[in-house]
Amino acid sequence: MNNLVVFPILLPLLSGISMFFFRDRIRLQRKVAVNGLLATLAVSLILVGMIAQNGVQVLHIGGWEAPFGITLVADMFAALLLTTASIVSLACLIYAFHSTDEAREKFYTYPFLMLLVCGVNGSFLTGDLFNLFVFYEVMLIASYVLLSLGGSKIQLRETIKYIAINIVASMLFVIAIAYLYAVVGTLNMAHLSERVAEIGQDGVITTISLLFLLVFGLKASLFLYFWLPGSYSAPPPAIAAIFAALLTKVGIYSIIRMFTLVFYHHPEVTHTIMIWLAALTMILGAIGAIAHWDVKKILNYNVIVSVGFIVFGIGLSHADALSGALFYLLHDMIAKALIFILGGAMISIAGTHNLREISGLISHHPALGWLFFLVALALAGIPPLSGFVGKVMILQGGVEKQFYSVVVISLITSLMVLYSVMKIFINGFWGETILSEEEEKSTGRGILIPGSILAALIILLGIGADWAMVYVEQAVEVLVNPSIYINAVFTQP
Amino acid sequence: MKFTDTILQTATRVLVMIILTYSIYILFAGHHNPGGGFIGGLVTSSALVLLAMAYDVRTVRQIIPFDFKRIGAFGVLVAVLTGTSALFFGEPFLFQVFAEVDLPLFGPRELATAVLFDLGVYFAVIGTTITIILSISEDQ
Amino acid sequence: METFMTIVAGILLTIGTYLVLSRSLLRIILGLSIFSHGAHLMLLTMAGLKQGAAPLVGEQTGTYTDPLPQALILTSIVISFALTAFFLVLGYRTYVELGTDDMRELRGENDE
């Protein structure tokens, strides 16, 4: 039993809820939000340290032993994601202070941001399939509210689509849970893993696992990404940044968790399907990214490409490729948050998101421009930035497993990604300066603190990859040996 | 919207008291029998909705001048804090205890900390339901 | 009995899908709510319908009904209740702000 495990859920929840009592005191709300996230970050770092020393940490809620009660499990994988998620949401929150208008701030933007973080952290920590569904819903309800706050036409329309798709996906999730429960009679993930291994993963269970892949694919925008470009361009930039950095990653987390812990017996079916879906996702996402001339759309399609790439790493079912995928996942959370923050700042300075009408921003905003250049290189995987290590490991895994065509696809799409973000850089920052400083719609100063935090992390993660890899490999060790996870859940009191 | 249905208004005055009493019974019965915070909260909010239908929303607002969003938040806070209080005794989150207590007037009763959690759920449900219903009906 | 309930769940899912595909926003919301009822019925049926006594310690029988699916279904119903309520409010706001509940009229390019 380790009560610390519940704190990453509890702290954002408590700070978010308490903000309802001082709706008009925005400065106080900001302080509470920052402190809540800092505390979450501190707890996550302590958890990383504890897990590195003592292995997987488990909390049986209410003292009900697994598999009868609800279990929270913090292994290294979850703890690393928790840490990254708290840093990223902290950066987005600081950017939100500058970019959110007062009406939105009074209408509970910060409380719902905290609830979103609570849902995300809960999804990372839960050791129970049904609770995963519940935390998904917590996260999604917060995201619905954040998406629709403001009530402009585009927001209302996109929220309607987003909710409709997510309700259908959630109900498919419930149905998939029902099928799985009918076959194995448990929902505790460790217990599931044990029982599926016992009875063998037959055709029925494989089919159910594909239904789960469908559900998580909808949430992670793996191939079923059609909702993403529209929805993520509706909310204000800080919210879009936190969505892009966290929401799809929870879907990816679930895919990794379920397909390494429970459905790992027939990789020739499930994982092969995953790889081809990932290849299609990369191709279609990259085509979308180079086709558009809208800053928001280009960035949104970039989210889709990276989802495809990470899932390719998972689908290889190869320990090194999996470490690469994890590393790339951590990198991508940071890089996506940074590039969305920078893109949002560009749009708010120029007052338009049409790339053809933005030009020469670098003369007044050198910091913004060079940060953008840095993150563009990181996204494309240029050494020594953080994207490089993960990419190389996944590609090596792909070559070893002889998926040459998909390796070629991912190389080509990463060039296309580089082209699409360089298009923003060249058109938006170079060229003739159209706007004088007085004509600009905002100063763009709000990006400096969050931007430099995230950029520093990208560089650190790139240079210190060896050091970070120690932790990533500990995480992968649990993923490739489900028995470590199962033992921790059943033997710890 | 302003209804002036005398029969409904007269009936409501009596019914609301009955419904509210019953909702509190349901809330506390929930520990061993069917019921609990969620259902109790829904029954209470149905009483408030009935009031709003029989009179009108503005009158109800005057009678009950609380911000229902805060009531909802208060409920969640109570529920989470009762769960958290277990941490101070070195027990896992949401741990609960119960004891047989001889109460004056009621006789021997079982008291459980889970009821506090249920109370939080009760307020959370009232808060959210009424917020949703009022936000639709207030805007003319 | 399970087969029958599965068919009923299937019919509910069909109706839900049909309504979701229509143009009116209200029908979409109702369709999604029926869709979730179908899913809940599926969850209850999949765990096996009534096989024994209520799962309480006092009942003196050999077999008990599995209490877990009922707990799950309650949670799921609460969630879909909240979602439907939120979606109704959103649909209403859309109708008030934009003066239409027809999905075709909500279409349009981003540069409005």
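The values are calculated or read from the model by the stated rules, or taken from the named source; none is laboratory data. Everything numeric in this text was worked out from a predicted model, so none of it was measured. Cβ: placed from backbone, ideal geometry, glycine included. Neighbour counts: every protein chain shown. Surface areas here come from the heavy atoms of the whole protein model, side chains and all, with no ligands, DNA or RNA. Shrake-Rupley method; radii C 1.70, N 1.55, O 1.52, S 1.80 Å.
Roughly how tilted is helix A:465-480, in degrees to the nearest 10 and between 0 and 90, from the longest Cα axis of chain A?
Once rounded, one gets 40 degrees.
Could you give the accessible area per residue of segment A:281-356, probe 1.4 Å, as a whole number in Å²?
Ligands and nucleic acids excluded, the figure is 18 Å² per residue.
Rank these by accessible area, largest first, 1.4 Å probe: A:276, A:64, A:467.
A:467, A:64, A:276
Quick check: pseudo-label points 7 Å beyond the Cα along Cα→Cβ at residue B:66 and residue A:24, how many nm apart are they?
About 2.1 nm separates the two model spin labels.
Distance between Cα centroids, segment A:13-41 to segment C:64-99: provide it in whole Å.
Centre-to-centre (Cα) distance: 27 Å.
Report, to the nearest 10°, how far helix A:203-220 tilts away from the longest principal axis of the Cα atoms in chain A, using its own Cα long axis and a range of 0 to 90°.
Once rounded, one gets 20 degrees.
If you project the alpha carbons of the protein assembly as shown onto their three principal axes, what span does each projection cover, largest first, in Å?
Here the spans come out as 80, 62, 51 Å, largest first.
Using the Kyte-Doolittle scale, which helices in chain C average at least 0.0 and also have C-alpha atoms spread 30 Å or more along the helix axis, with helices defined as whole DSSP H runs?
Taking the DSSP H segments of chain C (at least 30 Å long, mean hydropathy at least 0.0), we get C:25-46, C:68-98.
Could you work out the relative contact order of chain A? I mean the mean sequence separation of Cα pairs under 8 Å and 6+ apart, divided by the number of residues, in percent.
Relative contact order of chain A: 17 percent.
Restricting to DSSP loop positions (anything but H, G, I, E, B) with no more than 13 other Cβ atoms inside 10 Å of their own Cβ, which trypsin sites (Lys or Arg not before Pro) remain in segment B:1-94?
Sites meeting the loop and neighbour criteria: B:2.
If r is the Cβ-Cβ distance from residue B:137 to residue C:21 and R0 is 30 Å, what FRET efficiency results, to the nearest 0.05?
Between residue B:137 and residue C:21 the formula returns 0.50.
Over what distance in Å are the Cα centres of segment A:333-368 and segment B:1-74 separated?
Centre-to-centre (Cα) distance: 51 Å.
Do me a favour and compute the ellipsoid semi-axes for segment A:361-493 from its Cα gyration tensor, root of five times each eigenvalue, largest one first, whole Å.
Working through the eigenvalues yields semi-axes of 39, 21, 11 Å.
Which of the chymotrypsin sites (Phe, Trp or Tyr not before Pro) found in segment B:71-125 are loop residues per DSSP with 15 or fewer other Cβ atoms within 10 Å of their Cβ?
Qualifying residues, ordered by number: B:106.
Could you tell me the largest-minus-smallest coordinate of the C-alpha atoms of segment A:62-170 on each of the three principal axes, in descending order and whole angstroms?
48, 32, 22
In terms of the Cα gyration tensor, with a ≥ b ≥ c the square roots of its eigenvalues, is segment A:259-387 rounded because a/c is under 1.5, prolate because a/b exceeds b/c, or oblate?
Cα axes put segment A:259-387 in the prolate bin.
If I take R0 = 22 Å and measure r between the Cβ atoms of residue B:89 and residue A:42 in this structure, what FRET efficiency does the formula 1/(1 + (r/R0)^6) give, to the nearest 0.05?
Plugging the Cβ-Cβ distance into 1/(1 + (r/R0)^6) gives 0.40.
What is the distance in Å between the Cα centres of segment C:43-62 and segment A:97-113?
48
Please determine, in degrees from 0 to 90 and to the nearest 10, the orientation of helix B:37-54 with respect to the longest principal axis defined by the Cα atoms of chain B, where the helix direction is its Cα long axis.
It is inclined by approximately 10 degrees.
Note down the magnitude of the dipole of the protein assembly as shown about its Cα centre, charges +1 on Lys and Arg C-beta and -1 on Asp and Glu C-beta and zero elsewhere, to the nearest 20 debye.
The calculated dipole for the protein assembly as shown is roughly 1020 debye.
Mind telling me which of B:111, B:81, B:42 comes out most flexible in a GNM of chain B, alpha-carbon contacts under 10 Å?
Result: B:111 has the largest fluctuation of those listed.
For chain A, the longest stretch holding no GluC sites (Glu not before Pro) located in a DSSP loop with at most 15 other Cβ atoms within 10 Å is which?
Longest stretch, sites excluded: A:66-267.
Looking at A:33, A:4, A:490, which one has the Cα that reaches farthest to the positive end of the dipole of chain A (charges on Cβ: Lys, Arg +1; Asp, Glu -1)?
Selected residue: A:33.
Any of A:219/A:336; A:297/A:423; A:219/A:249; A:297/A:441; A:219/B:69; A:106/A:161 with alpha carbons more than 19 Å apart? Name them for me.
Result: A:297/A:441; A:219/B:69; A:106/A:161 exceed 19 Å.
If exposed means no more than 16 neighbouring beta carbons inside 10 Å and the site is in a DSSP loop, what's the longest run of chain C without any exposed trypsin sites (Lys or Arg not before Pro)?
For trypsin sites (Lys or Arg not before Pro) (loop position, at most 16 other Cβ atoms within 10 Å), the longest site-free span of chain C is C:51-106.
List the pair-distance distribution P(r) of segment B:1-90, using every Cα-Cα distance, as the percent of pairs falling in each 10 Å bin from 0 up to the bin containing the longest distance, rounded to whole percents.
Cα pair-distance distribution for segment B:1-90, in percent: 15, 35, 31, 13, 4, 1.
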